[in-house]
Amino acid sequence: MSAPSSSPEYEVLALRYATTGPDRRRRENFLSGADAHDGPMPMDYYVWAIRNADRVVVVDTGFGPEAAARRRRTLLHEPADLLRRAGIEPEAVTDVILTHLHYDHAGGLAAFPRARFHLQDAEMAFATGRYVCHACLRAPFDLEDVVSTVRLTYQGRVVFHDGDAELFPGISVHRIGGHSGGLQAVRVATRRGPLVLASDAFHFRENRLRRSPFPIVFHVGQMLEGYRRCEELACGQDDLMIPGHDPDVGRRWPALAGDVSDVVRLDLPPIAPWSDSEPGE
Ligand SMILES: [Zn+2]
Ligand SMILES: [Zn+2]
């Protein structure tokens, strides 16, 4: 249900820190890869930040140069540097939401020495349990990130959630699963309505619109239900659902004021249409 009207509203930033570059193909982004028209479909990598006068919450931590080189991604910015450019000191951040533990979301834990990390029980169980005995399910994890998360747990710095939870007035997490065992989306109260940071619940808007899952998936049924859940959380409003890896996000929303490249304001209305003109609904 909607938050009461007295709920605070937040500024929400998407910070684009890496990209696959132009060579990635459409067929790599859909489970049913035999898409009628193959062609380039690059993927971008983001972290997100939520802030108002009272608090700052960071969503996901990105990856650094070592993972970028090993996995052949183009690192545009160190995520922590990009946060600093947006006026957020990672060293001072007290709350980080980890949507899931894949390398591109949990590869920068060390940049947040004072933070507690919000994670679903199911994601920790998944990342440390029987399913990662299978190479294709463990491939998107980097072991050192998982080990670091276990270490943080032993330090009392992981806050576990089981399903839906309100972390602060106007900021809640929602377990989706699907893509990873315990993926969670984040819902934030903004001036234009309840914004849903879907993370990898859907990488591209087109995955959701066409009900055509991204190929890295643990449970296809949960992923399909997750599209519906995100739509429900965003009250069905397309422009309030933010895909996790869609280059359109960096193009459609207005830049953060000042000379900060690759940071956009999601709490403001979009300034351009979606680029995929044929979602084929
Ligand atoms: Zn992922
Ligand atoms: Zn991802």
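I'd like to know if segment 256-264 contains one or more residues that are touching a strand residue (DSSP E or B) at 6+ places or on another chain (Cβ under 8 Å) and within 16 Å of ligand 2 (Cβ to nearest atom). No: zero hits. Looking only at segment 246-253, decide whether some residue is in contact with a Phe, Trp or Tyr (Cβ under 8 Å, 6 or more places away or on another chain), β-branched (Val, Ile, Thr) and assigned to a helix (DSSP H, G or I). Within segment 246-253, one or more residues are in contact with a Phe, Trp or Tyr (Cβ under 8 Å, 6 or more places away or on another chain), β-branched (Val, Ile, Thr) and assigned to a helix (DSSP H, G or I). Determine if segment 213-229 includes at least one residue that is within 15 Å of ligand 1 (Cβ to nearest atom), under 26 Å from Glu9 (Cβ atoms) and assigned to a strand (DSSP E or B). No, segment 213-229 contains no residue that is within 15 Å of ligand 1 (Cβ to nearest atom), under 26 Å from Glu9 (Cβ atoms) and assigned to a strand (DSSP E or B). Residues in segment 17-53 that are within 23 Å of Gly87 (Cα to Cα) and out of contact with any Pro (no Cβ under 7 Å at 6 or more places or on another chain): Ala18, Tyr45, Tyr46, Trp48, Ala49, Ile50, Arg51, Ala53. The sole residue among Val264, Val220 that is modelled with pLDDT of 95 or more and surrounded by 20 or more Cβ atoms within 10 Å (Cβ to Cβ) is Val264.
The set of residues in segment 189-207 that are outside any loop (DSSP other than H, G, I, E, B) and away from ligand 1 (no atom under 15 Å from the Cβ) comprises Ala189, Thr190, Gly193, Pro194, Leu195, Val196, Arg205, Glu206. Residue under question is Ser180, and the condition is that it be of a type in the set (Ser, Thr, Tyr), within 22 Å of Met43 (Cβ to Cβ) and without any contact (Cβ under 8 Å) to a residue 12 or more places away in the chain; does it hold? For Ser180, the condition - of a type in the set (Ser, Thr, Tyr), within 22 Å of Met43 (Cβ to Cβ) and without any contact (Cβ under 8 Å) to a residue 12 or more places away in the chain - is not met.
The single residue among Ala185, Ala272 that is of a type in the set (Gly, Ala, Ser), within 16 Å of ligand 1 (Cβ to nearest atom) and either in contact (Cβ under 8 Å) with a residue 12 or more places away in the chain or part of a strand (DSSP E or B) (or both) turns out to be Ala185.
Considering Thr190, Thr153, Thr149, the condition of being polar (S, T, N, Q) and surrounded by fewer than 17 Cβ atoms within 10 Å (Cβ to Cβ) is satisfied by Thr153 alone.
So in segment 88-101, with the set limited to residues that are of a type in the set (A, V, I, L, M) and surrounded by 15 or more Cβ atoms within 10 Å (Cβ to Cβ), which one is farthest from Ala53 (Cα to Cα)? Across segment 88-101, the extreme among qualifying residues is Leu101.
Taking segment 73-164 as the region of interest, the helices (runs of 4 or more DSSP H) fully inside it that hold 2 or more residues being over 13 Å from Ser180 (Cβ atoms) and not basic (Lys, Arg) are 79-85, 143-154. Among the conditions (1) exposed (fewer than 10 other Cβ atoms within 10 Å of the Cβ); (2) at pLDDT 95 or above, the only one that Ser5 does not satisfy is (2).
Restricting attention to segment 99-135, the residues that are within 16 Å of ligand 2 (Cβ to nearest atom) and touching a helix residue (DSSP H, G or I) at 6+ places or on another chain (Cβ under 6 Å) total 9. Picking from residues in segment 242-255 that are away from ligand 2 (no atom under 16 Å from the Cβ) and among the hydrophobic types (A, V, I, L, M, F, W, C), the one that is surrounded by the fewest Cβ atoms within 10 Å (Cβ to Cβ) is Ala255. Take His134 and decide whether it is away from ligand 1 (no atom under 12 Å from the Cβ), over 13 Å from the mean Cα position of the chain (by Cα) and loosely packed, with under 15 Cβ neighbours inside 10 Å. Yes.
Can you spot a residue in segment 76-87 that is crowded, with 19+ Cβ neighbours inside 10 Å and basic (Lys, Arg)? For segment 76-87, residues crowded, with 19+ Cβ neighbours inside 10 Å and basic (Lys, Arg): absent. Scanning segment 111-131 for residues that are loosely packed, with under 14 Cβ neighbours inside 10 Å and within 18 Å of Leu75 (Cβ to Cβ) yields a total of 0.
The values are calculated or read from the model by the stated rules, or taken from the named source; none is laboratory data. Remember, it's a predicted structure, so these values are computed and weren't measured experimentally. Heads up, the Cβs are rebuilt from the backbone with ideal geometry, glycines too, and the neighbour counts pull from every protein chain shown.
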